[in-house]
Each structure stands twice: as structure tokens, then as C-alpha cells.
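These notes concern the structure reproduced below.
The values are calculated or read from the model by the stated rules, or taken from the named source; none is laboratory data. Keep in mind it's a predicted model, so treat the numbers as computed, not measured. Virtual Cβ from ideal backbone geometry, glycine too; neighbours counted across all protein chains shown. Side chains included, ligands, DNA and RNA excluded: accessible areas come from the protein's heavy atoms. Shrake-Rupley method; radii C 1.70, N 1.55, O 1.52, S 1.80 Å.
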Amino acid sequence: VQLQASGGGLVQAGGSPRLSCAASGRTFDTYVMGWFRQAPGKEREFVAGISRSGGRTYYADTVKGRFTISRDNAKNTVYLQMNSLQPEDTAVYYCAADPDRVVGTTTPSDYDYWGQGTQVTVSS
């Protein structure tokens, strides 16, 4: 599967952008999907994950209650709605896919497929 993330940019603190990740192929609904982020000088960290059907989600504590992951299997797309953004949310955001993992998988190396990343910069 090939992944293409979009929707990043410069956002003011408190803003609410939505990231999208479009996947190629006809088997999108067989992949657990995740969003990760990487800030300068830091390791890539898990943000949110969603099950194949979209019925189950899992969030990092740092974004729980502010971010919402969802997917539209008919459109081969996963979304990340981000609310109440803060400067510490500034990072490159990546979508990831894996056919074998469960929704609570948080280790980047456990995902086989990655998008190219989209930069989100939050200004104070």
C-alpha cells in the first residue's frame, strides 16, 4: 500500500486542522492505521491508531481528548482531526499502515508502510 499524507501547514495555537492520508490499492480495510509525529531532535512518537473497521481507536495520552482519528474505507482515507493545537504539537506528522498489528500498536518499527509526512507548525 502507498500512503500520501496532506493537510499540514502553519496553524495558530488553538487551531483545528484536519490531516488526511490517502492510500492506494483495494485492500485498505485490511490495514490497521496509525498517525505518528516527529518533532526536531526527538524520536518519532505514536499519536493515534484505528482498527480496520474504524470501530476501535487508541490515543497517546498527550493528544487524548483533543485529536480524533477516523477512516473512510470507501475512500481509502484515514483522517486526524486535531483540536486545541499547542506549540508543542509542532512536528512532522506521518500516517502508517500495517496488515498484522492491532489498534494499540505504538512502536513505529511495527508498521510496515509509511506516508511521506506532512509538517504541522503551531504558532503561539
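Data table
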{"quantity": "Percent accessible area from carbon and sulfur atoms, the range 15-124, protein chains only, probe 1.4 Å", "calculated": "44"}
{"quantity": "Gyration tensor over alpha-carbon atoms, the chain, equivalent ellipsoid semi-axes in Å", "calculated": "22, 14, 13"}
{"quantity": "In the range 1-110, the trypsin sites (Lys or Arg not before Pro) that fall in loop regions by DSSP, at most 15 other Cβ within 10 Å", "calculated": "26, 42, 56, 64, 66, 75"}
